[in-house]
Structures are given as C-alpha cells and as structure tokens.
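Q: Next up is a structure, given as structure tokens.
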Amino acid sequence: MLVKMFSKLNCQVRIYTCFLTVLLFGCQQQLQPNLQQQRSKQGMAVSAHPLASDAGLAMLQQGGNAVDAAAATALAISVVEPFSAGIGGGGFLLLRRAQTGTVQALDFRERAPKRATRDMYLDKQGKVRPRASLDGHLAAGIPGTVAGLYTVHREYGKLPWAAVVAPAIALAENGFPVSSRFVTAARQRQDAIQKNPAARQVFTRAGILYQPGELLVQRDLAQTLRKIAADPQSFYTGDIARSIAADMAKNGGIMTLEDLKNYTPIWRNPVCGNFRSYQICAMSPPSSGGVHLLQILNMLGDTDLKRLGRQSADTVHLLAESMRVAYADRAQYLGDPDFISVPVKALTGHNYAKLRRSQIQMSKAKPSNQVKAVDAKTLSRFVWESPETTHLTVVDKERNVVSLTFTVNGGFGAGAVAAGTGILLNNEMDDFVAAPGVPNLFGLVGGDANSIAPGKTPLSSMTPIIVTENGKFRLAAGAPGGSTIITTVLQIVLNVLVYDMNVGEAVSAPRIHHQWIPDRLQVERGGFDTATLDELRRRGHKIQEREDWGNANAIVLRSDGWLEGAADRRGEGATRSY
Ligand code: GLY
C-alpha cells in the first residue's frame, strides 16, 4: 500500500515538475532530480534493487572487494528481482583489476542444450510455433549464473564464498516486500505463471498475485542457495542439477543432467576501442553490445556533438541513422564466436565507420529497406584494421571495478520454476533466430549467424562497459532492455564523456532508439520537444513515442577523486556507498 502511495506521489511530483518546466523551458529540459545518486571516496554498489545494493555494500564493509560485492548483489537480485535475472539465467561480467589495469570479460551466458536443433521451434509447415521459444521448459538455455559468479569469485574474491551467498539466503528465507515493478512484471506474465504449478506456488498465494509491499518468502530457493553456498557445483552435478533435469524431462524440456554437467563459463577478451581520449571496453560476442557500441561511437567520430546540441534534430538524426546501420550489420554478422567467425575487427574499425558514416545524409532518413549490412567481401577490406535483464556496477576502495549484466531474458523468463528448487527458468533460447527474418521478443531479426545449434550461445545485446582515461578508471555502466541496451549505454557514454553531465543526469536523460527493423525511431514520451520531433519527421523518420525504457545504472570517478553513482529514475534501484 505504502509503495503504491509513494509511486502515485512520485508520479504527481513528476507531472507537476514537468508542468512547471514546460512553462519555463519546455518539457524536454526536465531532468528528474535523481534521489538514487550518491558520492563516496571509498566504494559503492548500484543495482536495480535497494536490498541487492545493500548486499553489495555489506561485502565492501566486511573487507570484501568489488568481486565479492558484485557476486553478493547479483545473488540478491536473483531473489528480489527474479523476474529480471537469476540463478536460472546467465550473463556477462567485466572486471577491471586495479593491480593490472586490464579489463577481463567473463561469459556466463546460457547455452543451447545438446538436443537443441535449428528448427526446434517450427511446426510441420516450417512456421514458428507461437511462444514456443518463450514459455515453458523448452524455452530455457543451460543456466550460467552460478558457475559464472563462482568462477570470478574463486579467482578474485576475498571473502569466503559462503559469506557472499549469505545475504541472498537471508532474503529468500525471511522474505522481502515485493515492489511495484515485481507486481507489474508478474501481471504481464501471469498466464505462464499460473500454468506452471511450481511457478504458481512460488509467485502467487494460492493463485492470487502478490500486491506491492506484501512479503514474499521463497523457502525452496533459500534451500537451493544454501546448497550452492556449501558447494556451487551442486547446481551442475549434484542435487540441484538432478532436480532441474527431472523437471525438464517431466515438462517437455530438452535440458539434461549431461548438459548441466558440461556447462562452463568462458573468459573472453572484451572489445576495446578508443573514443576521443577514452578507452572503452565492453562485452564481446556472443554479445553484440560491445561491437555495436564501438561501431556507433566510431561513426560519430569527432563530430562536434556539443555544438550540434544534445537533443537537437541533427544529433538525434545522426544517432538514429548510425544505430540503424549498426543493427543491420548485427542481424547479418553477429553470433556465437565459437560457432561462426564474427568480423569484430572490421565492424569496430575506424575506416569501416568512415565508410558507413559517409553513407548517412544529414537532411534525410534512409528507409531501413535501403540499409543493408555490407557484403562480406566489402567488409573483409576492413579486417586489417586494428580493432527484462538487470545490470549492477561496483567499485571498491582499491578501484577494482565490476560491471555485470545478467538476465532470464523476458519478464519472469520462461514463466516456469524447476519444481522443488525455487529456480525460475530463463527463456533465453528466444534470443536465437527461430527462423530467418522472424523477429524475436525484442523485434530483432537475424539469419544463419545466430541460428540454433547444440552448445551454441544465443546472441545477446547486453553491454556492460568499463571506460578508462589515461589508464585510470572513469566510468562503468550498463542497462537492461533487450535490443535497447546498446543504445541506452551509448547515450549514457555520450552524456558523461561528451556532454559533461553528472552521473545522475546522464542516466536520467531522455533516450532514443533505432534498431533498423522495425523502421521507426523510438523516443521517450515527453523527452523531446515538438519542434525537434517535427523536424525529424520532415527528414523521413517514423517516430514512435514510448514510455520510458532501460533501468540503467552507472558509477563515474570524478577528477577530484570522488566516486559518483546513480540508479535510474525509471526503476526502483539504489546506490549504496560508505
Ligand atoms: N536477453 C536479452 C539479451 O541478452 O540481449
């Protein structure tokens, strides 16, 4: 009830602020004062939920480092935000160790089970079976979260593993008040939740959805987390694995004990590139995030974006046209690098960006049906050149940095829980291409590069980043939002590095998004003035105004040595520091 009242009040304050601002400047100038921004000289953790950020902070205060804090935060998110990410899903982590100054990337994304086939979601006529890759056990990839968090913790954590898992166990055992985001997500997925008896048992009270503020206790999950605290491998070879495999067999899933046993996270080189005086490192394939973030930044090059104005029609047009090109290339070339050759160096090269930039007309939007990925032969000319999800960001007092995005894919993943474990299964298989040209949950299309194969990893857009300047940490950020993740992170980068915004403003500022197909320029409602939108329409953009998206967060290190962190005004997250 209280939460409901607060969101109503918050909404009224926003409307009132906007009304006043319209009178003075026009609504597009409005920036919400970000109550979740904090400063500190020691360490901080920012995530999509205050209780998860608390878990991270507790690790830092117990003498743990950024890795301990990130693992504790991620495990707590699995309990309090199961609809966005969890131990039944997977993700990517970027780690910058202060000692070495290098950025490492860990891929703990879900993989396709051994019995997965290219056509597994098609009917006899070759048509995609509606929702087959989204609902139920067949939609789930092999989860990587536990293996990923344990791997990075074993190598770089300071506190005992059991201490890192403890806050999540307490949250599952004692319960927590569900948030309005939780309730909204549950309402959207209630059909699937009600259909699966185990999900219904965990996420409803005898079939009635929880209300904001009600306590959700997850006893099975607490028990599962206790087993993981004692032995993380139990998720893959022990009791937990056996329960998952049995539940799969009973419910038409294809994941087996062998699949779980064979799961391994993979250390990969991140994609890194220079943008002005900064070095930007981001997740490499099987995420498309880093490649296309760098590609778009390269296309913007040294354009004087400040002079053009942050929300001017020229800037929005240039961003949108660059995004359109990048997403066309994504559909053609991006996939799991262990299965196909991804032309990372070519796509992130400056000369390639120059070619693509030269094809953009400032006076006119190019319809998406006239924008294609370049053919492989043309792209090969550039190879020589040197090269519903959640995010959390942690920086410790030594300035070790973790930027971690993980997910169960759609809200409440597959809408199914592995009976007796409390583990919500992901529906990450939908990130593969079920059939060429058929859009996935996020409207993304693709072809062979991202087709289904046993053991293959579905293509992601998750874009955790770490930015340095002159060898010193400067910014870490990331966001949820499926296909919009890349463009959300791009705009935070520009807001901090080009437009000199503080971190709260950078995360709060209105966003745009273009992903080639569908051919429309999405803008946050109320974020851009009418004259700008009219001018963009005149240039040929099909504008779609949408409610806010992308519950991002970020931490920057200011030149005076203060860390500044912010959670997004669009969500319910929090920055915690000491
Ligand atoms: N499941 C969304 C993504 O990985 O991009």
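The values are calculated or read from the model by the stated rules, or taken from the named source; none is laboratory data. Note that the structure is predicted; figures quoted are calculated from it, not measured. Methodologically, a virtual Cβ is constructed for each residue, glycine included, from the backbone with ideal geometry; neighbour enumeration extends over all protein chains shown.
Q: From the list LEU305, LEU300, which one is surrounded by fewer than 22 Cβ atoms within 10 Å (Cβ to Cβ), over 17 Å from the mean Cα position of the chain (by Cα) and over 24 Å from PRO270 (Cα atoms)?
A: Numbers: LEU300 fails: over 24 Å from PRO270 (Cα atoms).
Answer to the check: LEU305.
Q: Additional query: How many of the residues in the stretch 352-362 are under 29 Å from the mean Cα position of the chain (by Cα) and either surrounded by fewer than 18 Cβ atoms within 10 Å (Cβ to Cβ) or of a type in the set (Lys, Arg) (or both)? Show your work before the answer.
A: Going residue by residue through the stretch 352-362, those that are under 29 Å from the mean Cα position of the chain (by Cα) are 352-354, 356-357, 360.
Still in the list and also either surrounded by fewer than 18 Cβ atoms within 10 Å (Cβ to Cβ) or of a type in the set (Lys, Arg) (or both): 354, 356-357.
Of the residues in that region, 3 qualify.
To keep it simple, each residue is scored yes or no on (1) more than 19 Å from PHE406 (Cα to Cα); (2) surrounded by 23 or more Cβ atoms within 10 Å (Cβ to Cβ).
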residue: LEU159; (1), (2): yes, no
residue: ALA185; (1), (2): no, no
residue: ILE193; (1), (2): yes, yes
residue: THR204; (1), (2): yes, no
residue: TYR210; (1), (2): yes, no
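Q: Here is a list: PRO436, PRO454. Which entry is more than 16 Å from the ligand (Cβ to nearest atom) and at pLDDT below 95? Talk me through it step by step, then tell me what you get.
A: Numbers: PRO454 fails: at pLDDT below 95.
Going through PRO436, PRO454 in turn, the sole match is PRO436.
Q: Looking only at the stretch 415-430, count every residue that is within 10 Å of the ligand (Cβ to nearest atom) and of a type in the set (S, T, N, Q) and tell me the total.
A: Total satisfying the criteria: 2.
Q: Is it the case, given these coordinates, that PHE412 is outside any loop (DSSP other than H, G, I, E, B), aromatic (Phe, Trp, Tyr), within 16 Å of the ligand (Cβ to nearest atom) and modelled with pLDDT of 95 or more? I'd like the intermediate steps shown before the answer.
A: Numbers: outside any loop (DSSP other than H, G, I, E, B): no; aromatic (Phe, Trp, Tyr): yes; within 16 Å of the ligand (Cβ to nearest atom): yes; modelled with pLDDT of 95 or more: yes.
It is false that PHE412 is outside any loop (DSSP other than H, G, I, E, B), aromatic (Phe, Trp, Tyr), within 16 Å of the ligand (Cβ to nearest atom) and modelled with pLDDT of 95 or more.
Q: Working only within the stretch 58-73, note down all residues that are in contact with a Gly (Cβ under 8 Å, 6 or more places away or on another chain) and assigned to a helix (DSSP H, G or I). If you could, list the steps in order and put the result at the bottom.
A: Taking the stretch 58-73 first, the residues in contact with a Gly (Cβ under 8 Å, 6 or more places away or on another chain) are 60, 64-73.
Within the stretch 58-73, LEU60, ALA66, VAL67, ASP68, ALA69, ALA70, ALA71, ALA72, THR73 meet the criteria.
Q: Determine, yes or no, whether ASP259 is in a loop (DSSP other than H, G, I, E, B), over 20 Å from PHE442 (Cα atoms) and of a type outside the set (Val, Ile, Thr). Please lay out each step first, then the result.
A: Values: in a loop (DSSP other than H, G, I, E, B): no; over 20 Å from PHE442 (Cα atoms): yes; of a type outside the set (Val, Ile, Thr): yes.
In short, no.
Q: If you don't mind, there's one more thing I want to ask. For the subset of the stretch 398-409 comprising residues that are more than 24 Å from ILE169 (Cα to Cα) and in a loop (DSSP other than H, G, I, E, B), which member is farthest from the ligand (Cβ to nearest atom)? Steps first, please.
A: Step one: of the stretch 398-409, the residues more than 24 Å from ILE169 (Cα to Cα) are 398-401.
After this cut, where a residue has to be in a loop (DSSP other than H, G, I, E, B) as well, the list is 398-400.
Numbers: GLU398: 30, ARG399: 28, ASN400: 25 Å.
Looking at the filtered set, the residue picked out is GLU398.
Q: Is it the case, given these coordinates, that PHE442 is part of a loop (DSSP other than H, G, I, E, B) and within 14 Å of the ligand (Cβ to nearest atom)?
A: Values: part of a loop (DSSP other than H, G, I, E, B): yes; within 14 Å of the ligand (Cβ to nearest atom): yes.
Yes, satisfied.
Q: Something else about it: Considering only residues of the stretch 466-490 that are within 13 Å of THR102 (Cα to Cα) and of a type in the set (S, T, N, Q), which is farthest from the ligand (Cβ to nearest atom)? Show your work before the answer.
A: Start the filter on the stretch 466-490 by keeping residues that are within 13 Å of THR102 (Cα to Cα), which leaves 466-473.
Going one step further and asking which of them are of a type in the set (S, T, N, Q), we end up with 468, 470.
Values: THR468: 25, ASN470: 32 Å.
So the residue we want is ASN470.
Q: Give PRO367, PRO337 a once-over and let me know the one that is within 24 Å of the chain's Cα centre (by Cα) and surrounded by fewer than 20 Cβ atoms within 10 Å (Cβ to Cβ).
A: Details: PRO367 fails: within 24 Å of the chain's Cα centre (by Cα).
PRO337 is the lone residue from the list that is within 24 Å of the chain's Cα centre (by Cα) and surrounded by fewer than 20 Cβ atoms within 10 Å (Cβ to Cβ).
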